């Protein structure tokens, strides 16, 4: 099974900050990686697929990069609506999620 | 926008079974795959399995093999997840989600809370 490891687990930041979350795969997954945003009591929302492809309607301050085993999600200028938990997911071999990164207000 | 509507919250005793439903549009039912994902309180997301509504084929994650059954009702375009031999650790929100066979999960249901307690 492919394991996904996110870091950090929690991130404290202020509005306007540039934020980066890292996701590492236990083996190469090419670019078969997605990022989701989840707010309390809500279902996850797909933000990015194929490592860097922004879903329709997702603000351009979100971007993804990486290939192989190392990936990043960047929020260029954190907005109040962005405080949430973010998950990476590989879909190269079945589906596995990272453990999540909570972005909280500093 | 794909819409998935799930059944309401359930309370079950240890050892019982639970059946959660996920209603999709005819288009979604005929053209996509339905995944089941669960999230224990305060925890992350765990993929449980995939179901092909139009063909009826399924694949379960190893962790849930033997306890999970996925079925469908084509007349109502509804997919079901049944989890048996419930234990307290199965207390979680269960989500259905839709995607292509080799893709991410484009849209999610609202979630169904299953509580297991004696």
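The values are calculated or read from the model by the stated rules, or taken from the named source; none is laboratory data. Just so it is clear, the structure is predicted and the values come from calculations on it, not from any experiment. Reconstructed Cβ throughout: ideal geometry from the backbone, glycine too, with neighbour counts over all protein chains shown.
Answer with yes or no whether residue A:48 is more than 11 Å from chain B (Cβ to nearest Cβ) and under 18 Å from residue A:7 (Cβ atoms).
On the way: more than 11 Å from chain B (Cβ to nearest Cβ): no; under 18 Å from residue A:7 (Cβ atoms): yes.
No, not satisfied.
Looking at A:48, A:2, A:21, which is the one that is part of a loop (DSSP other than H, G, I, E, B) and surrounded by 13 or more Cβ atoms within 10 Å (Cβ to Cβ)?
Numbers: A:48 fails: part of a loop (DSSP other than H, G, I, E, B); A:21 fails: part of a loop (DSSP other than H, G, I, E, B).
Just one listed residue meets the conditions, A:2.
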Out of B:8, B:49, which single residue is under 24 Å from residue A:100 (Cβ atoms) and at pLDDT 95 or above? B:49
Only unsatisfied item for residue B:19, checking (1) within 11 Å of the chain's Cα centre (by Cα); (2) surrounded by 15 or more Cβ atoms within 10 Å (Cβ to Cβ), is (2)
For residue B:114: the one exception among (1) touching a strand residue (DSSP E or B) at 6+ places or on another chain (Cβ under 7 Å); (2) under 22 Å from residue B:14 (Cβ atoms); (3) surrounded by fewer than 17 Cβ atoms within 10 Å (Cβ to Cβ): (3)
Residue B:40: passes all of (1) closer than 17 Å to residue A:91 by Cβ; (2) touching a residue at least 12 places away in the same chain (Cβ under 8 Å); (3) surrounded by fewer than 16 Cβ atoms within 10 Å (Cβ to Cβ) but (1)
In the set A:16, A:57, the lone residue that is surrounded by fewer than 15 Cβ atoms within 10 Å (Cβ to Cβ), touching a residue at least 12 places away in the same chain (Cβ under 8 Å) and not in a strand (DSSP E or B) is A:16
Across segment A:83-106, which residue is nearest to the chain's Cα centre (by Cα) among those that are more than 11 Å from chain B (Cβ to nearest Cβ) and without any contact (Cβ under 8 Å) to a residue 60 or more places away in the chain? A:84
If only one of B:65, B:82 is away from every other protein chain (no Cβ under 13 Å), surrounded by fewer than 21 Cβ atoms within 10 Å (Cβ to Cβ) and over 22 Å from residue A:45 (Cβ atoms), which one is it? B:82
Can you confirm whether residue A:96 is farther than 22 Å from residue B:95 by Cβ and at pLDDT 95 or above? no
Suppose we filter segment B:79-108 for residues that are at pLDDT 95 or above and in a strand (DSSP E or B); how many remain? 14
Return yes when residue B:76 is free of Cβ contacts under 8 Å to residues at least 60 places away in the same chain and part of a strand (DSSP E or B) and no when it is not. no
So residue A:68 passes all but one of these: (1) closer than 26 Å to residue B:109 by Cα; (2) touching a strand residue (DSSP E or B) at 6+ places or on another chain (Cβ under 9 Å). Which condition number does it fail? (1)
